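This report concerns only the one structure given below.
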Amino acid sequence: MKKLILILFLSSITVNAQKIKSAGKWMGDGEFKNQPMIFGEDNAMETVMKAIEAYNNRDTDLELSFYTDEYVKKNGDFLREWHEKTSKLNMKPWVIFPVKIKGDDRTQVLSWSVEEREWKNGSKQKQNLMEIFVIDDDSGKINNFVQWRRNYPDNEFGLSSGGKYLGKKDNEYTGRKIVFSNRGETKKMEAFISAYNQKDFEACKDFFVDGSLVYGADGSKTTFTHEMWNTYFENYDSINWKPYSIAPLKIADTDPASRVEVYGVEERIMTNGEVWKKELIEHLYFNIDGLIEQVVQFERSIE
């Protein structure tokens, strides 16, 4: 009796599932707003699978043949450069299915996969991917592609955090990871360096709090006021500060204040003809308001 009830129950589920023609809702703005989603045709999915197979084989011409001419015109060069840099690609979808917005003439193929990559320079990477391939139903080709990714925590590069903050003394932040900051620090540093090289003391003031602390490479400590910028460049005939690395960093899970590490070479030619040239490492501390409140400098003499 129990087996009969179970069979009837499962049969009921199957029949009801077959009656489902649509589900969900497209909530983006536009002509399809609030339209339900329906299943697409398998041939769209098969096109994507063929494109992935060509991608894994690094057969760029074959892969691009599954994309529309418009897409290839915009993205073909990038894809060719990508394959030129890599030596091995292995994307393995573990779920893939086609869906459509009701009334749309495109099919969206949703794919979840794991991809392993190796570059010709020896770097390796592994990612979980969620991708949408948009198929034009008339041509049967891919005309758009978007991707979301999550790196594996043992990747050699590309992680959103890493390293470890230790501190001069143990504190509440000891042991936390370091992350990149993205509050415009790099753009500000480039603008400041430009103003500095042009000896534009008024522009330089805008990047600092009035009374910032400057720890010089010679062990000095100076409270640098805005007024001090007025005469800062008087003894310099020219300045050329050329950075070769700018990295804005912060401790994970702390307030928005950050430290920008700048590596570079600075050459100063004095009005008396003397030349000062050093390789510098400078830490510039940006406060919550995005102004530099502290500078720590290290230097190395060079010829």
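The values are calculated or read from the model by the stated rules, or taken from the named source; none is laboratory data. Quick caveat: nothing in here was measured; it's all calculated off a predicted structure. Glycine gets a Cβ as well: all are built from the backbone with ideal geometry, and neighbour counts include every protein chain shown.
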The one condition ILE239 fails out of (1) assigned to a strand (DSSP E or B); (2) at pLDDT below 95 is (2)
Do the conditions hold for LYS199, that is, is it surrounded by 13 or more Cβ atoms within 10 Å (Cβ to Cβ), out of contact with any Ser or Thr (no Cβ under 7 Å at 6 or more places or on another chain) and in a loop (DSSP other than H, G, I, E, B)?
yes
Restricting to the stretch 139-186, name every residue that is more than 24 Å from GLN127 (Cα to Cα), under 16 Å from the mean Cα position of the chain (by Cα) and not polar (S, T, N, Q).
ARG183, GLY184, GLU185
Selection status of LEU10, modelled with pLDDT of 95 or more and not in a strand (DSSP E or B):
no
Would it be correct to say that TRP241 is aromatic (Phe, Trp, Tyr) and surrounded by fewer than 16 Cβ atoms within 10 Å (Cβ to Cβ)?
no
Here is a check on your reading of the model: is GLU190 among the acidic types (Asp, Glu), part of a helix (DSSP H, G or I) and either at pLDDT below 95 or within 24 Å of the chain's Cα centre (by Cα) (or both)?
yes
